[in-house]
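**Student:** This is the structure I want to talk about, given as structure tokens.
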Amino acid sequence: MNHVARIRKILVIVDPGEEVQLAVDRGEQLARALGASLELFTCGYMSSLETDHFLEEERLEKARLACMREWATRLESRAASLRERDVEVVTDVAWKRPLHDGILHKVAASQPDLVIKQTAYHSPLKRALFTNTDWQLIRECPVPLLLVKLATWKEPGAIIAAVDPLHTRDKPADLDHRILETMSSLAEAMSWTPWALHCWTGDAFDVDPEESERLSLEGYDTAHRERLRELVQKYPAVTADHVIAARGRVEDELCDKAADVGANITVMGAVSRSVIRQWILGNTAEKVLDRIGTDVLVVKPDDTRIRDRGEEEE
């Protein structure tokens, strides 16, 4: 089943404090390529208008509403430009803190197929500076999340996916398929070259317990390559010469290979750790996200559901 083919509604997070809105640009590009509609959403607050002993609550509420009206006016201005270019778009604003809670409330209410958000990028150091909001969304956003860092996408472009066919570190078996389906569909829609990468360290902890009992040390690398070949052969868009299997640290190999192939987006998976009952990324993936010089698309397993933020944890 093609997951990206189901993307018909894209939620774009618009930061009211940013003049350059890369997320809106990405949203327009993807909406055109995928035949999707856009919703521009601004969520925020001002601490000075949250509580002030010197102002009556009624006056505070009026000030908050005035602030939201200003946000709405800005969004509508952007939306008008998009409509002139035949993009279907609506807008919405909310007053909510913390920001990630407001965004997740919106996701639950709006039911988008993709969320796009701009993230800060410190180019002199070539290092992404992910905010707390970004990390919370990576952990908890139940739909694919595109974090935008690049000013422009390269043409002709490429897209690279990080997979783990031996399902180490308790990764759900379906997640690799969602990653590759997402990558393949985006590659087709954007006319990009798709790449698939799998890395392993060779350490004992890197092997699934059932696999470790039957594999000899000599057959370890072979097993990884065979599993990778079996996985990608179901995706004809990913040709044999665009499959990378390498021994090494993922945070090193993926960052290097993404740059080598000229990738615009890196597609990665998020894993669930039931012990703490939240979505998190493993330490390796966090290192990749902090270093990689591409936009990053985080994909969740197939059984992820959109939960209302007011709904109690089970």
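The numbers here are math on the coordinates, done by the rules we state, and not lab data. Not measured: the values here are computed from a predicted model. All Cβ positions, even for glycine, are placed from backbone atoms using ideal geometry, and neighbour counts span all protein chains on display.
**Student:** Just list whichever of K96/K300; K9/K234; K106/K300; K154/K257 have alpha carbons separated by over 21 Å in the model shown.
**Tutor:** Long pairs (Cα-Cα over 21 Å): K96/K300; K9/K234.
**Student:** May I pose another question? Using the beta-carbon distance between R291 and A109 and R0 = 25 Å, what value does 1/(1 + (r/R0)^6) give for FRET efficiency, to the nearest 0.05?
**Tutor:** The calculated FRET efficiency here is 0.15.
**Student:** For a quick protection proxy, order the peptides 257-263, 194-200 by their average other-Cβ count within 10 Å, most packed first.
**Tutor:** Averaged packing, sorted descending, gives the order 194-200, 257-263.
**Student:** Report the label-to-label distance for E19 and L150 in nanometres (one decimal), using points 7 Å from each Cα along the Cα→Cβ vector.
**Tutor:** According to this spin-label approximation, the distance is 2.5 nm.
**Student:** Within the range 80-122, what residues put their amide N at less than 17 Å from the label point 7 Å along the Cα-to-Cβ vector of R8?
**Tutor:** 88-90, 110-115
**Student:** Which distance in nm do the two modelled labels at D92 and E76 give, with both placed 7 Å along the Cα-to-Cβ direction?
**Tutor:** 1.8 nm
**Student:** Sort the following peptides by mean Cβ neighbour count (other Cβ atoms within 10 Å, averaged over residues), highest first: 177-187, 19-29, 60-70.
**Tutor:** Most protected by this proxy first, the peptides run 177-187, 19-29, 60-70.
**Student:** Highest first, please rank the peptides 76-88, 227-239 by the mean number of other Cβ atoms sitting within 10 Å of their residues.
**Tutor:** 227-239, 76-88
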